[in-house]
Amino acid sequence: MLHLYRKSSLKTLPLTFIACLIIFGSCKKDLKRVEDTVISDSPQTAAGRSAKTSDAVLPTDNYFIFPTGDKLPDINNSIIKAKGKVFKDFSNLGIIVANSKNPAFIAEMEKVAGVRKVVQDVKVQFLNDPAYKQVATKALLSATNPYTNPYYFLQWSMKAINAEAAWAAGYKGSGARVAVLDNGFELNHPDLAGRFSDLSKNFVPGETLQFQNPTGTYFSHGTHVAGIIAADDNNIGVIGVAPEAEIIAIKVLSDGGRGTFSDLIDGIIYAAQVHADIANMSLGAYFQRHDGNNSELITSVQKAITYATQKGVTVIVAAGNDAANRNKDGSMIDLPADLAHVTSVSATGPLGWALDQSTNLDVPAFYSNYGQSAIDISAPGGNVDFSLYPNGPWFYDLVLSTANDGGYYFAAGTSQAAPHASGVAALIVGKYGHMAPAELRNKLYHSVDDLGKPGKDAYYGRGRVNAGNAVK
């Protein structure tokens with residue numbers, strides 16, 4: 001177990017699909033040396049990869065049942081007759097999910113009056129954390145820290161979004177409720193204790209809300225995301241963008257990053273039912289757009305997001321980490337980034353920040369998806385140029401946040417960009433109170449710094465979020 005005050009509590013971790021890039025480095029003479037344990041794989045790059053259907057799609061014993069009209073008739077007896085039982089009732093979406101081991105279940109249920117189609121639910125790798133190894137090395141801490149939280153000076157992303165201006169004006173997200181749909185959470189992390197709501201809930205059968213890591217190969221992605229949004233301003237570790245916001249941890253993915261469509265939909269509906277102001281979804285996978293079964297499942301997720309939006313939830317999502325021009329690939333759909341009623345966030349970051357802290361913090365990240373029609377806004381997600389650091393420490397260009405074992409990991413991805421945007425949205429709610437998603441998006445979009453080409457462009461969207469502007 002790594003403890004907060006131990007010098008070994010700063011760590012790094014590897015690139016996940018719509019998740020994280022991990023990096024480690026050595027020392028620089030003019031920086032204070034501090035012992036560190038680094039968890040890392042060899043550096044990976046998503047640049048140049050083409051979007052493809054998500055790997056490891058596994059069938060389940062659950063089936064989506066769709067009506068011929070807008071509403072399903074009472075088909076419970078028919079489900080029982082087909083050797084099944086109701087598993088999830090999404091009647092607010094006009095959908096029922098049944099569980100059955102009957103190989104003829106689809107054929108039998110599609111003969112029932114009022115049933116248009118039955119589609120098997122699948123389990124998808126929405127996060128893809130590769131195995132990693134532990135490496136003993138040296139990390140670096142500067143002798144100068146302008147804030148009381150000891151690792152705050154490493155949080156260049158807070159400078160990039162002008163967070164201190166919002167905090168100085170008295171806005172830290174108090175009263176805002178942010179749902180984080182992700183894998184497991186480190187519920188007792190010292191920087192998150194008190195930030196997790198009692199409404200937090202697990203939807204993954206056989207697992208718990210608390211992150212478990214029996215093989216030592218998983219990364220608590222949910223904890224990293226939650227910390228970016230709302231790590232406490234408590235003189236320990238790091239600070240979140242909205243350190244007084246309430247986090248509703250909603251586990252829709254296994255600790256290893258897999259999830260079913262039905263669990264994901266359940267989490268989205270739950271976020272609406274508990275009146276979350278914002279739902280952060282730092283997850284995603286690609287699917288063939290015109291595959292019949294895929295289309296039905298994707299449409300079901302869209303219905304859930306539309307439902308949540310109508311109930312007052314602003315949905316903010318990661319844009320994806322494949323360096324893909326999403327304007328051009330019409331054959332694939334990136335779920336949920338390509339859906340309606342979501343704010344899709346691309347990633348930015350510095351190149352060489354550890355060498356020159358006055359460097360540009362807003363370079364488009366090499367891995368981030370882009371496209372004028374696909375990107376709404378941008379936010380810090382981390383960046384890297386290995387050639388700048390022949391001797392390290394290039395991991396400082398990544399995003400530092402809370403992680404499993406009470407530790408802190410450097411990671412990068414649009415998964416890190418989305419929670420920065422969600423944190424700024426929480427600051428807006430903290431100032432103005434709950435508002436309709438259209439109004440909250442309007443305030444968020446009009447507070448950005450317009451970077452790149454004037455207006456909406458392929459890499460920054462409308463611009464990079466600015467916390468200070470958001471609460472003016």
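See the values below:
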read-out	value
Given (1) of a type in the set (Ser, Thr, Tyr); (2) open to solvent by less than 10 Å² (accessible area, probe 1.4 Å); (3) in contact with a Lys or Arg (Cβ under 7 Å, 6 or more places away or on another chain), index of the condition Ser300 fails	(3)
Hey, Asp329 open to solvent by 10 Å² or more (accessible area, probe 1.4 Å), touching a strand residue (DSSP E or B) at 6+ places or on another chain (Cβ under 6 Å) and in contact (Cβ under 8 Å) with a residue 40 or more places away in the chain or not	no
Asn442 being free of Cβ contacts under 8 Å to residues at least 12 places away in the same chain and surrounded by fewer than 19 Cβ atoms within 10 Å (Cβ to Cβ)	yes
Enumeration of residues in the range 339-389 that are open to solvent by 50 Å² or more (accessible area, probe 1.4 Å) and among the charged types (D, E, K, R)	Asp356, Asp385
Subset of the range 83-128 (residues that are open to solvent by 20 Å² or more (accessible area, probe 1.4 Å), within 30 Å of Thr217 (Cα to Cα) and among the β-branched types (Val, Ile, Thr))	Val122
Matching entry among Thr402, Thr343 (being farther than 14 Å from Gln416 by Cβ and among the polar types (S, T, N, Q))	Thr343
Residue match in the range 61-80 (condition: part of a loop (DSSP other than H, G, I, E, B), modelled with pLDDT under 95 and touching an Asp or Glu at 6+ places or on another chain (Cβ under 9 Å))	no
Conditions (1) at pLDDT 95 or above; (2) over 24 Å from the mean Cα position of the chain (by Cα); (3) in a strand (DSSP E or B); number of the one not met by Lys123	(2)
Of residues in the range 390-404 being in contact with a Phe, Trp or Tyr (Cβ under 9 Å, 6 or more places away or on another chain) and not hydrophobic (A, V, I, L, M, F, W, C), the one nearest to Ala467 (Cα to Cα)	Ser401
Any hit, the range 419-436, residues being part of a loop (DSSP other than H, G, I, E, B), open to solvent by 10 Å² or more (accessible area, probe 1.4 Å), over 20 Å from Ile247 (Cα atoms) and at pLDDT 95 or above	no
Some residue of the range 276-291 being farther than 23 Å from Pro419 by Cβ, outside any strand (DSSP E or B), open to solvent by less than 10 Å² (accessible area, probe 1.4 Å) and at pLDDT 95 or above	no
Ala193 being closer than 20 Å to Lys251 by Cα, open to solvent by 20 Å² or more (accessible area, probe 1.4 Å) and modelled with pLDDT under 95	yes
Qualifying positions in the range 157-209 - of a type in the set (Phe, Trp, Tyr) and either under 21 Å from the mean Cα position of the chain (by Cα) or in a loop (DSSP other than H, G, I, E, B) (or both)	Tyr171, Phe185, Phe196, Phe203
Among the residues listed as Ala230, Ala249, Ala169, the single one being open to solvent by less than 10 Å² (accessible area, probe 1.4 Å) and closer than 18 Å to Val429 by Cα	Ala230
Cross-chain or 6+ apart pairs with Cβ under 6 Å, the range 455-472 first and at positive phi, then part of a loop (DSSP other than H, G, I, E, B) and at pLDDT 95 or above	Gly461/Ile375; Gly461/Asp376; Gly463/Val448; Gly463/Asp450; Gly463/Leu451
Selection status of Ala242, open to solvent by less than 10 Å² (accessible area, probe 1.4 Å), farther than 30 Å from Phe153 by Cα and part of a loop (DSSP other than H, G, I, E, B)	no
The range 437-472: number of residues that are among the hydrophobic types (A, V, I, L, M, F, W, C) and assigned to a helix (DSSP H, G or I)	5
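The values are calculated or read from the model by the stated rules, or taken from the named source; none is laboratory data. These numbers come from a predicted model, not from an experiment. Every residue, glycine among them, receives a Cβ derived from its backbone with ideal geometry; neighbour counts consider all protein chains shown. Heavy atoms of the whole protein, side chains included, go into the accessibility calculation; ligands, DNA and RNA do not. Shrake-Rupley method; radii C 1.70, N 1.55, O 1.52, S 1.80 Å.
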